[in-house]
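Visitor: Below is the structure I would like to discuss, written out as structure tokens.
Please treat every number below as a calculation from the coordinates, not as lab data. Everything numeric in this text was worked out from a predicted model, so none of it was measured. Glycine gets a Cβ as well: all are built from the backbone with ideal geometry, and neighbour counts include every protein chain shown.
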Amino acid sequence: MNAASRPIKLACRNVWKVYGRRPAYYFDSRGYVIDPDALAERLRAEAHLPAVVDASFEVATGEIFVIMGLSGSGKSTLVRCLSRLVEPSAGEILLDGKNLLQASGKELIELRRHAMGMVFQNFGLLPHLTVLDNVAFPLKIQGKPAKEREARAREMISLVGLEGRETSFPHELSGGQQQRVGIARSLAVGPELWFLDEPFSALDPLIRRQMQDEFLRLQRMLKKTIIFITHDIAEAFRLADRLAIMRAGKIVQIGRPADIVLNPADDYVAQFTEDMPLLRVITAGDIATPANGAALPERTIAADTSLEALIPQLASGVAAFTVPGTGGSPPAVLDAAAVLAVLEREQARRTRS
Amino acid sequence: MTAPVAPLRSSSRFAADPGLLPWCALAVLTALCLLLKAELPWLVNFPKEWTLPLAAYVNAATDAVVAIIQPAFRALSAMLDAPMRGARLALAWLPWPAAMLAVAVLALKSSGERLAIFAVLTLAYILLAGYWPQSMNTLALVLLAVPISIVLGFALGVLGYARPRLRPVLLGALDLMQTVPAFAYLIPLLLLFGFGPVVGLIASAIYATPPMVRNTMLGLERVPAAISEAGLMSGCTRRQQFWQVEVPTALPQLLVGFNQTTMAALSMVIVAAIIGGFEDIGWEVLSSMRKAEFGQSILSGLVIALLAILIDRLTIGFARGPETGPTRGMRWMTPRRLVLSLAIALALALAIRFAAPDATLLPETGLRMEMGAVNQWLLGTVRDYAWFFDGVRNAVLYCLLLPLRVGISGSATPAIWGFALSPAAVTTYSALILAAAGLALRGFGWHAALAVLAAGLILYTGFLGLPWPIFILAIALLAGQVAGYRLGLFALAGFTLILVNGLWPQLVQSLYLCTLAVLLCLLVGGALGTWAAHSDRVSRILKPICDALQTMPQFVFLIPALMFFKVGEFTALIAIMLYAIVPPIRYVEHGLRHVRADVVEAVEQMGATPMQTLLQAKLPLALPVVMLGLNQTIMAALSMLAIAALVGTRDLGQAVYVALGKADAGMGLIAGLSIAFLAILADRLIQAAVARSTRA
């Protein structure tokens, strides 16, 4: 799970999106070092709406990067800037090292046809097309022959488990089924970059849980680079490799789920993550210490096992675990004391609140 | 309202409201005008010498322009003539069994078995009544006008959608196209295109375009963001995005536009018979009405009504299926079977024509021949019950129409009301009005008091006796206060234009007729709507009646009104009411039924009686919706004004109609624009009032 070792797929550098009468006026002077907070303040004072404030982050290939925030925090605008559905006011977006904002209309269409896929909160299915035709739509737009696109669409439909519903129309499906169609459609062209804009927010909690499992299963198979938008903190912590928390257009913290619960950047994040159980968020890999040549315990566990799952084993008397290293790094050791320290910290959080 | 004013206002809200001042000034002016009325008659009757010959100028200009561009339009007319002839020949060639099969199949596909049966029965009735050829001629015109309107309307709608800056201009033009009575632009069309059915075609196409434009814009604007973004993320080019994402998603709305356009075209094709028929169904109705053959006019009117309902249900069925989901018949009729059935119909047509090339296959006599007896019977019945109809008419005429028109001051004579208007009576009346105004002031503030005073004044002097400067200033002031100074200026300019054209008496007649019709519609329709909102059974009974009334071409309403009440103002009133009563019923019911349930529950929980709940919670909450209904009622009443001129009125509609008879393009246009001005003014005023009340 070492993100730094993999190549950067998408980088977002100082991206701003400002709504108002003359947003360009505020960004014409190149080379200045601008103080984002001061500028955002000034924009608000002058009847402009800074929806995205100086957003910068990098997403590695194959990573699930979750952007989380309450409604109105600018997360949907940010993801639309990344796909240029919304034109950013300032900043750079590098896709495989090339600036997306300088792509011409034609290049952009080509990129959307092959390199990106997107899933929408309200599904965005075309009401007049069947499930099969909806999934095949991006291929039809590219002018692919009918046979090829049908074969590919059927493949995608079976991937999301909707076989047998090919000839149904969207309004005949349940919400969960409709979103499966949306997922199949966004994957039909085989994009490397996958945007999901609150894909499960419109669904019932039970279905949502089921779809999250489904999503993780797909990602284990497909290994896409994913930008996932959500306002549901449980969903964010469950799915994310790394996550960014947004507030009033600004990214207030970026990090692995464990980093964020253990070291919240400010009170806002602390309050926000207060109810996340530490034992479930923190994994063995997060707190294991390098073995430094000492003898390895015989019990071995995977790095992404949550501490919660270790408690029964600790109770049965195991004192330490070996955590095998990923990507060539040496194995590490996790002893019971470290787990108990986290447990103690959780206890302290509970009593404080 | 700045902060320091607020406490002042709450302590003595009448004195502090700056909006009240101009009204006080106006009240003083009114009193002055009424006192000087005897000495200065021009205050009431705008002198003839002061009018400007604008109509003559317009005529001169039109003549000059027409002389230059006429050849081009005559050429266009000749061009349109060929397809029109073709369509008529094709429909005349089509044997009725084949036509019936084709229509029934389409009806089955559109809305299921019930509509298919209705279609067969309707066509059978037309056949038996002997109006088949006339109906086909009418349909031929509709079949040509609709595609023109659809293409034009779609193009304009897309333009309005893609270029938001053009939208205000476009919407203004649409308002004009829909509110200027068609009679008014029939005259220039006659001059340009020459006499003949082509004029009807063009007029229908003009009249039927706006709904398509509006629905196109609406449909495209309402494409959900997620769908258009999904299209963009699939990598659509601009053209792919439009044709493969936006248009298909907007299709249901576009089909609603198609339905409305078709209905408008049908209505106008029938009305266009007024400039000379050509064996079409509108002409049949008109000529039998002119000959006072009520039996026949009812038979042919029924043809129009049934045809209208059939076409409406057929086209709306394609836009949205029945709420309960497709019926078995609709599911059975797959696109493939539909094509097959239509092919069978065509083959049947060919076979019949091959076997019997010249046979009309129409019933020899038809019901029409039997109509002599029915006519006699109908006329006899009407004669026998004349005392009843005359009684109703006279009662309304003397107690309602006359006082409103000439005022209590004019109609309270011993001959009519049995007593003369003594100074004592005037004093009593004034005292009553003042007392009512005082009560309104206490209960509802100065706006209500002002309305009571104005109503009392109008009732006293009558619409005709009201001094015009007061009237114009009052409306302009109202418009200015409710909707801003621009609408105030618009009102001022419009009324002044009507005044200097010497159309003031007609305007006042129109206003009084429309006001009365609208008030009665609101009263009757509002009561029915309230009843329907509280009783599902009443709602179920009223719904098909409203549907039928609303699909009917305006022309049809004249028939029963004329039959029972003969030519005259009262007949016009009835016809206008029949056409304008649907919106209040619909909107009041809808408004009351969709009041937020939590509010109603809260009020009921406090222990309110059903009447208190209705008056103090539901009606105030439903007010914006009811106001929209009022708006629709006014529009309907004004648009019926021109048609009602046929049964003898003295209003602007009559001015248009007379101008049509004299081919006086200038006067027709000015009178027509006056009606449009009234409609647009009323529309903007009510919309501004609704916006204010929902904002506050």
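Visitor: Using Cα springs under 10 Å in a Gaussian network model of chain A, which residue among A:Ala136, A:Ala240, A:Ala24 shows the largest mean-square fluctuation?
Guide: A:Ala24
Visitor: Mind ranking B:52-59, B:119-126, B:670-677 by how tightly packed they are, going by the mean number of other C-beta atoms within 10 angstrom, highest first? Walk me through the numbers on the way to the answer.
Guide: Working: B:52-59: 15.5, B:119-126: 18.9, B:670-677: 25.0.
Top to bottom by mean Cβ count within 10 Å: B:670-677, B:119-126, B:52-59.
Visitor: Let me ask another. Given the -39500 (n - 2.57) contribution per DSSP H run of 4+ residues, what per-residue ellipticity at 222 nm results for chain A, rounded to the nearest 500 deg cm²/dmol? Kindly include the intermediate steps, with their values, before the conclusion.
Guide: Working: 14 runs with 138 residues, N = 353.
Here the helix-only value at 222 nm equals -11500 deg cm²/dmol.
Visitor: Here is a further query. Any idea what the dipole of the range B:503-696 comes to, in debye rounded to 20, about its Cα centre with Lys/Arg Cβ at +1 and Asp/Glu Cβ at -1? Working shown, then result.
Guide: Working: 13 positive and 10 negative charges, 11 e Å.
Approximately 60 debye in magnitude.
Visitor: Take B:Arg238 and B:Val658, extend 7 Å from each Cα along the Cα→Cβ direction, and tell me the distance between the two endpoints in nm.
Guide: Spacing of the two 7 Å Cα→Cβ label points: 5.4 nm.
Visitor: Right, next: Do any GluC sites (Glu not before Pro) in the range B:256-332 lie in a loop, going by DSSP, with at most 14 other beta-carbon atoms within 10 Å of their beta carbon, and if so which? Spell out each step's value before the answer.
Guide: Numbers: sites: B:Glu279, B:Glu284, B:Glu293, B:Glu323; in loops: B:Glu279, B:Glu293, B:Glu323.
Loop-located and lightly packed - B:Glu279, B:Glu323.
Visitor: What average count of beta carbons from other chains do you get within 10 Å of the Cβ of residues in A:106-113?
Guide: Values: counts 1, 0, 2, 7, 1, 1, 5, 4.
Partner-chain Cβ atoms within 10 Å, mean over residues of A:106-113: 3.
Visitor: If you place +1 on the Cβ of every Lys and Arg and -1 on the Cβ of every Asp and Glu, how big does the dipole about the Cα centre of the protein assembly as shown come out, in debye to the nearest 20?
Guide: Around 800 debye, computed over the protein assembly as shown.
Visitor: Considering only B:Tyr512, B:Val198, B:Ile274, whose Cα is most displaced toward the positive end of the charge dipole of chain B, charges sitting on Cβ of Lys, Arg (+1) and Asp, Glu (-1)?
Guide: Farthest along the dipole direction, towards plus: B:Val198.
Visitor: Can you list, largest first and rounded to whole Å, the semi-axes you get for the range B:503-696 by taking the square root of 5 times each eigenvalue of its Cα gyration tensor? Don't skip to the answer; put the middle values down first.
Guide: Numbers: eigenvalues 255, 74, 27 Å².
Ellipsoid half-lengths, sorted descending, are 36, 19, 12 Å.
Visitor: Here's another thing I want to ask about it. Treating the beta-carbon of each Lys and Arg as +1 and of each Asp and Glu as -1, no other charges, what is the dipole magnitude of chain B about its Cα centre, to the nearest 20 debye?
Guide: Values: 44 positive and 31 negative charges, 237 e Å.
Once rounded to the nearest 20, the dipole reads 1140 debye.
Visitor: Would you grab the residues whose amide H sits under 5 Å from the one on A:Leu49? Only those 5+ places off in sequence or on another chain, please, with H modelled 1.01 Å from N.
Guide: It is A:Tyr19, A:Gly20, by chain and number.
Visitor: Check which residues have an amide H placed less than 5 Å from A:Gln253's amide H, if you skip close sequence neighbours.
Guide: Those lying under 5 Å, H to H, from A:Gln253 are A:Ile245.
Visitor: Between B:Val66, B:Phe118, B:Leu299, whose Cα lies farthest towards the positive end of the dipole of chain B when Lys and Arg beta carbons carry +1 and Asp and Glu beta carbons carry -1, centred on the Cα centre?
Guide: Value: B:Phe118.
Visitor: Under the definition of partner shielding as Cβ atoms of other protein chains within 10 Å of a residue Cβ, what is the mean value for peptide A:133-146? Please list the in-between numbers first.
Guide: Working: counts 0, 1, 0, 0, 6, 6, 1, 3, 9, 4, 1, 0, 0, 0.
Across the residues of A:133-146, the mean count of other-chain Cβ atoms within 10 Å is 2.
Visitor: Check which residues have an amide H placed less than 5 Å from A:Gly325's amide H, if you skip close sequence neighbours.
Guide: For A:Gly325, the qualifying residues are A:Ala332.
Visitor: How do the peptides B:187-196, B:342-351, B:163-172, A:92-101 rank, highest first, by the average count of neighbouring beta carbon atoms within 10 Å per residue?
Guide: Numbers: B:187-196: 18.9, B:342-351: 14.7, B:163-172: 12.0, A:92-101: 16.2.
The densest-packed peptide leads the list: B:187-196, A:92-101, B:342-351, B:163-172.
Visitor: Could you tell me which of B:Leu176, B:Trp50, B:Leu378 has its Cα farthest along the dipole of the protein assembly as shown towards the positive end, charges placed at Cβ (Lys, Arg +1; Asp, Glu -1), taken about the Cα centre?
Guide: B:Trp50
Visitor: For labels at A:Lys147 and A:Leu49 in the simple 7 Å Cα→Cβ model, what's the distance in nm?
Guide: Result for the modelled spin labels: 5.1 nm.
Visitor: Which whole-Hz ³J(HN,Hα) couplings does the range B:450-456 yield from phi under the Karplus relation 6.51 cos²θ - 1.76 cosθ + 1.60, θ = phi - 60°, glycine and proline marked x?
Guide: 4, 4, 5, 4, 4, 4, x
Visitor: Sticking with this one: Can you pull the mean other chain C-beta count within 10 Å for peptide B:233-243?
Guide: 6
Visitor: Any idea what the relative contact order of chain A is, in percent, if you count C-alpha pairs under 8 Å spaced at least 6 apart? Walk me through the intermediate numbers first.
Guide: On the way: 597 pairs, mean separation 63.1, N = 353.
With pairs under 8 Å counted, the relative contact order is 18 percent.
Visitor: Can you list the HN-Hα couplings for the range B:235-251, worked out from phi with the Karplus curve (6.51, -1.76, 1.60; θ = phi - 60°), rounded to whole Hz and with x for Gly and Pro?
Guide: Along the range B:235-251, the couplings run x, 6, 6, 4, 5, 4, 4, 5, 7, 9, 10, 6, 5, x, 5, 7, 4 Hz.
Visitor: Can you give the convex hull volume of the alpha carbon atoms of chain B per residue, in Å³?
Guide: Details: hull volume 149.6 nm³, N = 696.
Residue-normalised Cα hull volume stands at 215 Å³.
Visitor: For the range B:77-84, just list the computed ³J(HN,Hα) in residue order, Karplus coefficients 6.51, -1.76 and 1.60, θ = phi - 60°, integers in Hz, with x standing in for Gly and Pro.
Guide: 3J(HN,Hα) across the range B:77-84, in whole Hz: 4, 5, 5, 6, 4, 4, x, 5.
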